[in-house]
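Participant: Just dropping this structure here.
The values are calculated or read from the model by the stated rules, or taken from the named source; none is laboratory data. What you see is a predicted model, and the numbers here were worked out from it, not measured in a lab. Ideal geometry is used to build each Cβ from the backbone, glycine not excepted, and the neighbour counts take in all protein chains shown.
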Amino acid sequence: MGNEVRVRMAPAPTGRLHIGTARTTLLNWLFARHHGGRFVLRIEDTDQSRSTHENVAQILEAIRWLGLDWDEGPEVDGPYGPYFQSQRLEIYREKVEQLLEAGGAYPCTCTPEELEGRRKEMQQQGMAPRYDRRCRELTAAQREKLEGEGRPKAIRFAMPLEGTVAWDDLVRGRVEFQNSELDDFVIVKSDGFPSYNFACAVDDSTMGMTHVLRGDDVMSGTPRQLHVYGALGLDMPQFGHLPMILGTDRSKLSKRHGATSVTEYRDQGYVAEAIVNFIALLGWSPGDDREIMSREEMVEAFSVEGIGKSGAVFDIEKLQWMNGVYLREMAPEAYAAAAKPFLTKAFGDDLDEGYVARAVGLEQERAKTLGELPELTEFFFRDPEEYEEKGARKWFGREGAGELLAGVREALSKLDTFDEGSIEGAVRGVAEARGIGAGPAIHTTRLGVRGRTRGPGLFELMAVLGKERVVRRLEGAEGCVGELG
């Protein structure tokens, strides 16, 4: 292995890929790519009651959508597999036997009801609830008797009762815990599956991880893992604990702050490049004021020293702005292809691709997400069913509005070429013939065709709509002028 950097991401398939887990995945990927190392994906599926194959598939789909490739892991062969913890049980059993033989672990036959009762007693006495170690000093005969009663049996780690455990954190500096504050935590549950802290430590060492970058919400488990490394004589990685992602109210990011999973943001019309750019800057800085960065620029600039200690605020407005920047930079063909699924869902699957491309192209400068496009472009696919009230009073209420619309309709229907130039000439010609300014003619026509007084340039949008739709809509508007004006 030598000095090669090896980092991992180890999501639990108990739900979709959360935006915080995605940020951790990205920073590990950037670290590996910056150092020319290996990025490993490991699935921590020891919680058998909540882990599902569907969640595994969704996690892999989300990571792939973000464009983060892994060098070893599910569907990618590597020398340190298997990459699902549920398939590594024999490795854990061997390490547990090693601890039991050395006195570093012991069986615990306390029932869940007994443990809960003691927790409540400690809380009532103002004590921090923890395991009281009553199974630690049992004799072999006592253990045999309790196990003979058919009690569930877990295995607990025998924590040193005195001293400290410490490490030099890549982000937070020196971190130290008193051993007396740590309980004898479970390393193997009664169902035979290892606990998170035990399996994680065993895997990170046996898979050769050199660095572990993870959220500081799991930092309380690090001292326990350090003890596992020490008791088993395992090599340990360097640790760096990343700052939490916070909502705008500076509380932990949750559902009440909006979408939280990567696929939710994808389904709302955010593009992967914008999500990657945005979450990279949640707690990390390239050392300058850059906000829009390509993946290659992020890889080149990434360093652990650029990671801050304080929580990073997830500002949805900034994400929307950044997503809009990426949308505007997309090539027209790529933009239309990305927009098509959103329009198909809203307006049906029989949409003409060329028409869709021209329609969404007129809104490319305005849209902040692809999910906004059905509302922004609805008038291209559906005739107006109502007219903006304020605009109708102002423009349909003008004397001669109906005749103006009829004149424009007739002029447009006679055009052999229906492009922006010929449309503009026809509308301005009608205005001139009626002795009115071009402004009233344009606004009244826009309202008749669009149903609103704002939107893309009138001549551009009518050219996209085509003669048939425009003439039909103007005719419909003529019949509404007297009623709405």
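Participant: So, in the stretch 127-148, how many residues would count as being over 40 Å from the mean Cα position of the chain (by Cα), assigned to a loop (DSSP other than H, G, I, E, B) and not hydroxyl-bearing (Ser, Thr, Tyr)?
Facilitator: Start the filter on the stretch 127-148 by keeping residues that are over 40 Å from the mean Cα position of the chain (by Cα), which leaves 132-148.
This time we only want the ones that are assigned to a loop (DSSP other than H, G, I, E, B), so: 132-139.
Then keep just the ones that are not hydroxyl-bearing (Ser, Thr, Tyr); that gives 132-138.
Result for the stretch 127-148: 7.
Participant: If we scan the stretch 203-221, do we find a residue that is in contact with a Phe, Trp or Tyr (Cβ under 6 Å, 6 or more places away or on another chain) and either β-branched (Val, Ile, Thr) or over 25 Å from Glu72 (Cα atoms) (or both)?
Facilitator: Let us first name the residues in the stretch 203-221 that are in contact with a Phe, Trp or Tyr (Cβ under 6 Å, 6 or more places away or on another chain), namely 207, 212.
The next check asks that each one be either β-branched (Val, Ile, Thr) or over 25 Å from Glu72 (Cα atoms) (or both); those that pass are 212.
Yes: one or more hits.
Participant: May I pose another question? Would you point out the residue of the stretch 211-246, among those that are among the β-branched types (Val, Ile, Thr) and surrounded by 19 or more Cβ atoms within 10 Å (Cβ to Cβ), that is farthest from Arg174 (Cα to Cα)? Full working, then the answer.
Facilitator: Going residue by residue through the stretch 211-246, those that are among the β-branched types (Val, Ile, Thr) are 212, 218, 222, 228, 245.
Next, from what is left, pick out any that are surrounded by 19 or more Cβ atoms within 10 Å (Cβ to Cβ): 212, 222, 228, 245.
Numbers: Val212: 16, Thr222: 13, Val228: 19, Ile245: 22 Å.
Taking the candidates together, the pick is Ile245.
Participant: Can you give me the number of residues within the stretch 17-72 that are buried (at least 19 other Cβ atoms within 10 Å of the Cβ), of a type in the set (D, E, K, R) and either under 17 Å from Ile245 (Cβ atoms) or without any contact (Cβ under 8 Å) to a residue 24 or more places away in the chain (or both)?
Facilitator: Qualifying residue count for the region: 1.
Participant: Since Ala367 meets every condition but one in (1) under 26 Å from Ile279 (Cβ atoms); (2) part of a helix (DSSP H, G or I), which condition does it not meet?
Facilitator: The single condition Ala367 does not satisfy is (2).
Participant: Residues that are modelled with pLDDT of 95 or more and under 24 Å from His34 (Cα atoms): list the strands (runs of 3 or more DSSP E) wholly contained in the stretch 184-270 that include at least 3 such residues. Working first, answer last.
Facilitator: Working: elements: 186-188, 211-215, 238-242.
So the answer is 211-215, 238-242.
Residues checked against (1) at pLDDT below 95; (2) part of a helix (DSSP H, G or I):
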residue	(1), (2)
Ala338	no, yes
Asp350	yes, no
Ala357	no, yes
Val360	no, yes
Pro374	no, yes
Phe380	no, yes
Gly391	yes, yes
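Participant: So, in the stretch 297-326, how many residues would count as being under 21 Å from Gly247 (Cα atoms) and among the charged types (D, E, K, R)?
Facilitator: 4
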